[in-house]
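Undergrad: One structure coming up, written as structure tokens, with questions to follow.
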Amino acid sequence: MISTSNNNKSDEEKIVNMIEDLIPLDPSQNKGASSTEDLDGEWKLLWSAKAEAFSPLLRLPRPFKPDSFQYLGTASAGEVGPNRVAQGLTGGVLGPSQLWLSSGVRASLEDPSVLEILPPFRLELGGRYQSGKPKKTISGSRK
């Protein structure tokens, strides 16, 4: 376990170094973006170097800070449509609702380890993953 108390920059560097040490062990052999079955599902964000760049809500302290999830493959398709990836924020100041940001997606033609995020972009408010609660479009369209 890494302490995150006083020396955040040092802790961040330690975590990044640990992640870099795992890269050679990648079972997809650097083709992760095209490994759809291995990535399919709901993924909870446990740590990020710059998560607050995605949303200022992620800068909030607990218990106000929402949890962040990413949805790929069939998990995303069932919630926001096929060939899309979704990011979800739920809990904290959002309560039981989930804020959904989704976009088009494809594996990069030049580098199969890179997932390209493409328009159209859509922001919606709805229920948690698999809740069946309808989503209300805030920005973008459901075409």
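Readers should treat all values here as calculations from the given coordinates under stated rules, not as data from a laboratory. All values derive from a computational prediction rather than experimental measurement. Methodologically, a virtual Cβ is constructed for each residue, glycine included, from the backbone with ideal geometry; neighbour enumeration extends over all protein chains shown.
Undergrad: Taking Cα pairs under 8 Å and at least six residues apart, what relative contact order does the chain come out at, in percent?
TA: Averaging sequence separation for qualifying contacts and normalising by length gives 17 percent for the chain.
Undergrad: Please grab the % of Cα pairs in segment 67-127 that end up more than 13 Å from each other.
TA: Here the tail beyond 13 Å accounts for 62 percent of pairs.
Undergrad: Turning to a different aspect of this structure: Could you please rank I15, I23, placing first whichever residue has the fewest other Cβ atoms within 10 Å of its Cβ?
TA: I23, I15
Undergrad: Eigenvalues of the Cα gyration tensor times 5, then square-rooted: what semi-axes does that give for the chain, in whole angstrom, largest first?
TA: Over the Cα atoms of the chain, the ellipsoid semi-axes are 26, 23, 12 Å.
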